[in-house]
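Have a look at the structure below, then the notes.
Every number here is computed from the coordinates shown, using simple stated rules; none is lab data. Everything quoted here is computed from the prediction, not taken from an experiment. Cβ coordinates were reconstructed from backbone atoms using ideal geometry, including for glycine residues, and neighbour counts include every protein chain displayed.
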Amino acid sequence: MTTTDGGRALIKALELEGTEVVFGLPGGAILPVYDPIIDSPIRHILVRHEQGAGHMAEGFAHATGRPGVAMVTSGPAATNIVTPLCDAYMDSVPMVVITGQVPSQAIGTDAFQECDTVGITRSVTKHNELVTRAEDIPLVIRQAFHIATTGRPGPVLVDIPKDIVDPKNPASAMEWYWPTDDEVASSLPGYRPTTKGHAKKVREAAQLILAAERPVIYAGGGILKARAAEVLRELAELTGIPVVTTLMARGAFPDDHPLCLGMPGMHGNYTAVTAMQESDLLIALGSRFDDRVTGKVDAFAPGAKVIHVDIDPAELGKVRRPDVPIVGDCRLVITEIVRALRDLSGGDGSADAVAAAQPDRSTWKQTISGWQERFPLVYEPSGPGDLLKPQYVLEELRSRAPEDCIVASGVGQHQMWTSQYWRFNHPYTWINSGGLGTMGFSVPAAIGAKVGRPDRMVWAVDGDGCFQMTAQELVTAATERIPVKVAILNNAYLGMVRQWQEMFYEERYSEVYLSPDLPDYVKWSEAMGCVAMRVESPEEVGPAIDKANEIDDRPVVLEFRTDAAEKVFPMVPAGLSNSDIVVDPSQGGGAR
Amino acid sequence: MNLPAPAPAPKHHVLSVLVENRSGVLARVAGLFARRGYNIYSLAVAPTDDERFSRITVVVDVETAPLEQIVKQLNKLINVIKISELDPRDSVERELMLATVKALPDTRHQVIELVELFDGRVLDVGHDEMTVSLDDHPGRLDDLEELLRPLGIIDLQRTGRVALPKLEHAG
Ligand SMILES: Cc1ncc(C[n+]2csc(CCOP(=O)(O)OP(=O)(O)O)c2C)c(N)n1
Ligand SMILES: [Mg+2]
């Protein structure tokens with residue numbers, strides 16, 4: 001046994017958990033931990049705001065599948081990271097956040113920079129813990145990584161009082177030890193996620209699939225978390241069943257695949273929304289019947305039976321009662337369903353045998369392709385001298401980026417257009433804030449993704465409103481030589497809110513105008529160490545993007561001046577049924 | 001004075017929640033109820049015979065959310081070990097009530113009679129008031145409370161129920 005102190009033990013524990021990068025910013029309470037970091041192989045990325053650290057850790061996790069790690073001090077730093085914690089909690093992102101805390105004796109005295117971090121973050125973490133003894137640090141860190149990455153992933157926060165990590169304080173002295181997997185498991189008697197599906201239920205699911213006439217696979221973010229994209233494809237191809245990919249699952253099934261219907265939901269495309277609505281069987285895989293997908297719940301897919309596979313038992317029946325609920329890991333359960341389909345079909349278990357065991361679905365397929373032909377995504381190209389169309393910018397961005405380019409987005413109209421117009425053909429290429437809808441997510445998330453996948457091109461598509469919330473992290477990117485690219489769709493408005501005010505508040509625009517010129521995005525970006533360009537006319541779009549794509553030694557910002565009047569369609573107005581979907585005015589507005 | 005809430009109707013369910021005995025666990029459980037919009041009717045917590053665990057007996061108002069969702073959400077808390085729903089028909093339930101009642105010389109005997117009838121106890125006697133206690137099935141507490149009310153309840157405190165499953169009897 002070696003004698004050490006809590007601070008060094010913490011860093012060593014992070015190293016042993018495989019941490020390569022920590023995003024953070026030091027301060028009084030966490031100071032002692034920042035000393036051993038100097039001697040550690042862990043790369044520390046110094047952010048400009050703790051919210052940035054949290055979203056970078058999320059971006060890193062989204063892109064790599066490995067837990068993101070952030071470390072900040074007590075009090076205001078801890079409160080600054082609450083938003084990313086909540087964001088990660090809503091989108092099931094594995095993340096470990098370490099916060100400093102005032103010394104044990106000072107807890108409860110309203111000491112300088114003291115706040116009840118564990119209390120504040122309890123409802124936005126999968127778990128959190130205030131460590132009270134130095135010798136507990138290795139076990140608590142192991143537990144944190146275990147909880148963050150297993151079952152339904154999520155953020156875990158570890159709050160550490162200064163005295164137990166400060167080598168000058170006797171309370172920090174400890175004997176080093178590294179708990180075994182068994183010790184970790186037995187230290188968490190209440191935590192046993194179920195991963196394997198119930199065999200009988202799997203069989204029932206396969207039977208429903210074989211009998212369905214109008215089935216749709218409703219793939220959610222759980223597919224990506226479970227690394228189940230390949231088996232999802234096997235299931236779809238074996239059965240010929242079309243797939244919708246939710247906002248959190250874009251890329252989980254290739255957009256270019258003939259069975260892909262794209263994104264459902266409030267701004268989903270007509271076919272994805274309507275196919276779910278008219279289906280007789282929804283195969284929900286790692287999705288959670290979010291209100292942005294279902295519209296008015298009582299009117300959602302009224303004729304559909306539901307198979308619901310999720311690792312979180314609480315999701316089954318939370319919104320819609322499934323006919324066949326299966327608790328388990330999507331990858332394992334889908335594999336089992338595929339096996340059961342082959343068994344039940346008889347014959348040699350081939351795709352032909354499975355096809356022969358299913359009803360003739362040609363009418364359903366024709367109906368779907370009819371919708372696809374009648375209601376594709378459309379927009380009116382801009383006329384000479386007009387502002388740019390955001391959809392055009394996205395088409396150009398997409399076609400000029402490598403196939404496996406990673407794209408992160410902020411929250412608003414630009415997010416919906418990115419999800420609609422980017423063609424996602426690979427898993428883990430789309431990073432966004434789906435559940436919480438956090439403006440300011442994209443710049444730091446893109447930086448985190450680029451740190452995790454330096455081999456990939458990473459674009460952030462941002463709104464002018466969002467950009468102003470976290471742009472300072474471009475200083476981090478420039479300093480650390482993290483060459484992300486940012487496309488600002490500058491419509492001079494909080495565009496999504498403007499759209500609602502136009503459609504539902506009689507065009508009474510209240511507090512949504514931002515100005516196209518203030519700030520000057522080019523100067524601002526240059527001041528932060530980026531290359532920056534302003535793009536105003538359609539013929540400049542392609543060349544500017546090509547130029548940005550060539551720069552690989554520093555961050556680049558392209559500011560596109562886009563048309564504020566452009567609205568996101570289709571749209572299911574909040575509170576209405578998905579059958580009341582409104583399509584683009586050129587397709588008749590209110591559809592059907 | 002806070003009037004005691006009405007007796008639990010069938011829309012209430014009793015959950016016995018075995019949790020790790022460590023700081024903050026009660027806050028996690030109570031916080032979860034608040035955040036998910038479930039109402040707690042009563043709650044009692046104490047260590048079990050095994051010092052590693054505590055038992056929280058919580059009576060929940062299931063009008064606010066289906067019991068199944070409450071149980072599943074509770075189960076997601078890392079420090080929650082096990083949850084059992086205790087059906088009143090298959091469990092033994094007890095609750096303790098303390099009540100200070102007006103007891104003037106001419107009504108004092110009425111209080112004493114009532115308390116004796118219920119097998120309760122007189123704990124304290126003042127000039128014109130009396131503190132009595134009863135530990136029994138919650139329904140019996142309701143009854144005694146009703147009967148004491150006309151005499152004048154000055155203060156009343158109930159603990160919330162605790163419960164354990166009924167044993168199987170050998171014949
Ligand atoms: C932190 C935060 N504040 C407020 C909102 C509400 N909101 C949603 S979209 C939006 C407008 C975003 O504006 P911008 O970034 O310019 O994007 P656009 O919709 O114009 O593309 C607002 C204010 C939010 N989602 N997040
Ligand atoms: Mg905008």
Considering only region A:390-569, percent of DSSP beta bridges that pair antiparallel, nearest 5 | 5 percent
Where GluC sites (Glu not before Pro) fall in DSSP loop in region A:393-489, at most 13 other Cβ within 10 Å | A:Glu403
Going by average Cβ neighbours within 10 Å, how do the peptides A:257-268, A:499-510 rank, with the highest at the top?
-> A:257-268, A:499-510
Theoretical FRET efficiency, 1/(1+(r/R0)^6), r = Cβ-Cβ of B:Glu85 and A:Lys523, R0 51 Å, to 0.05 | 0.20
Along principal axes, largest first, the alpha-carbon spread of region A:81-207 in whole Å comes out as 65, 34, 18
Can you give the three extents of the C-alpha atoms in region A:3-187 along their principal axes, from longest to shortest, in whole Å?
-> 40, 37, 30
For B:80-87, mean number of other protein chain Cβ atoms within 10 Å = 1
Counting only residues 5 or more apart in sequence or on a different chain, those whose built amide H sits under 5 Å from that of B:Asn39 are B:Asp61, B:Thr64
Computed on Cα atoms only, the convex hull of chain B has an orientation-averaged projected area in nm² of 12.3 nm²
Once you have the alpha carbon radius of gyration of region B:92-165, what is it after dividing by 2.2 N^0.38 Å, with N set to its residue count?
-> 1.07
Once you sort the root eigenvalues of the Cα gyration tensor of region A:392-460 as a ≥ b ≥ c, which label holds: rounded (a/c under 1.5), prolate (a/b larger than b/c) or oblate (the other case)?
-> oblate
Taking N as the number of residues in region A:390-569, what value does Rg over Cα atoms divided by 2.2 N^0.38 Å take?
-> 0.96
Region B:12-85: D in µm²/s via Stokes-Einstein (Kirkwood Rh, Cα pairs, 25 °C, 0.890 mPa s)?
-> 203 µm²/s
Shielding by partners, peptide B:66-72 (average Cβ within 10 angstrom, other chains) = 3
Calculated from DSSP helices alone, with each H run of at least 4 adding -39500 (n - 2.57) and the total divided by the residues of chain A, [θ]222 nm to the nearest 500 comes to -11000 deg cm²/dmol
Counting DSSP beta bridges with both partners in chain A, what percentage is antiparallel, nearest 5?
-> 10 percent
Where only C-alpha atoms are counted, convex hull volume of chain A per residue in Å³ = 159 Å³
